[in-house]
Amino acid sequence: VDGVEDAVKAGEQAGIRVLRGVELSAEEYANLHILGYNFSAAYPGLGEMCRKFQRERERRKYRIWEFLRKKGVEIPLPEVETAATGSVIGRPHFAQVMLQYGYVSTRKEAFDRYLDTEEYQAFDKGGKPDARTCVECIKQAGGKASLAHPYQIALGYDSLEELIQKLVSYGLDAIECYYPKHSPKQQTEYLRLSEKYGLHVTGGSDFHGEKYKPDHPLATVELELDWLL
């Protein structure tokens, strides 16, 4: 969240309201991410959690590099660091360099074959807070918590509902029902769950920049946001 306050100030100068936001990874499931919106800059706990994430990511880059080497993928770690252009190094930066060296034909293939497999997820487990900690930290900072892209968690409907019940008990406010990869059936299911548990609805394009997610263009989703503002 280091750049958030600069974004808020730039928005004020441009006449645009910028909401502070963060996406936290939880340990219970692969791709279980909790979104935090409109939290206060005055609460130090969330920043401390993010800095802990940064330190873990710095150590993790060596583990990912070794994991790929064992798979026969030899790429220079300094080029991965350059691809991150000063940000915290993550899997998308490895995928970018793998594509440059011809190990994969798309970034998606890098994840499908190497960086998001069951073997990788087992290797990468640990070092993340649990979902309760993520939700409670966002709430303590005065923010609202939403479950991100439910389809990526790859749970059946009943198991997903059990997870949502737990998250609601922790203080979850919303579900990200609108997302480019959600099928109409999935979207209907998530909207039904949000209504059943009295949760608000969020949406997003998961835009991480053209370099990292070219198939996720920046987009707008019209939502009711009085609860958030």
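We did not get these values from a lab; they are worked out from the coordinates using the rules stated. The structure displayed is predicted, hence computed values, not measured ones. Cβ: placed from backbone, ideal geometry, glycine included. Neighbour counts: every protein chain shown.
Figures for the structure shown
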{"quantity": "Integer Hz, Karplus 6.51/-1.76/1.60 couplings in order for region 24-33, x for Gly and Pro", "calculated": "10, 8, 10, 7, 5, 9, 4, 6, 7, 10"}
{"quantity": "Calculated [θ] (222 nm, deg cm²/dmol) that DSSP helices of n ≥ 4 give over the chain, each run adding -39,500 (n - 2.57)", "calculated": "-13500 deg cm²/dmol"}
{"quantity": "Straight-distance crosslink candidates among lysines, where the alpha carbon sits under 30 Å from Lys144 and sequence neighbours closer than 8 are dropped", "calculated": "Lys9, Lys52, Lys125, Lys128, Lys166, Lys181, Lys185, Lys196, Lys211, Lys213"}
{"quantity": "Choice from Ile16, Ile75, Ile64 with maximal GNM fluctuation in the chain (Cα, 10 Å cutoff)", "calculated": "Ile16"}
{"quantity": "Among Gly72, Gly204, Gly45: highest mean-square fluctuation, GNM of the chain, C-alpha pairs under 10 Å", "calculated": "Gly72"}
{"quantity": "Relative contact order (percent, whole number), region 108-229, Cα cutoff 8 Å, 6+ residue spacing", "calculated": "19 percent"}
{"quantity": "Estimated inter-spin distance, Phe123 and Asp158, nm [label 7 Å along Cα→Cβ]", "calculated": "3.4 nm"}
{"quantity": "Rounded tilt (10° steps) of 184-196 against the dominant C-alpha axis of the chain", "calculated": "40 degrees"}
{"quantity": "Cα centroid of region 59-105 to Cα centroid of region 118-152, whole Å", "calculated": "23 Å"}
{"quantity": "Theoretical gain in end-to-end length, His208 to Leu223 [0.36 nm per residue, Cα-Cα removed]", "calculated": "3.3 nm"}
{"quantity": "With Cα atoms, 0 to 90° folded angle of helix 157-170 axis to the chain main axis", "calculated": "70 degrees"}
{"quantity": "Three-way shape label, region 122-229, alpha-carbon gyration tensor, a/c 1.5", "calculated": "rounded"}
{"quantity": "Hypothetical label at Arg69: residues of region 89-103 whose amide nitrogen lies under 17 Å (7 Å Cα-Cβ projection)", "calculated": "94, 98"}
{"quantity": "For Phe207, distant residues with modelled amide H under 5 Å away", "calculated": "none"}
{"quantity": "Rounded to 10°, Cα long-axis angle of helix 4-14 versus longest principal axis of the chain", "calculated": "60 degrees"}
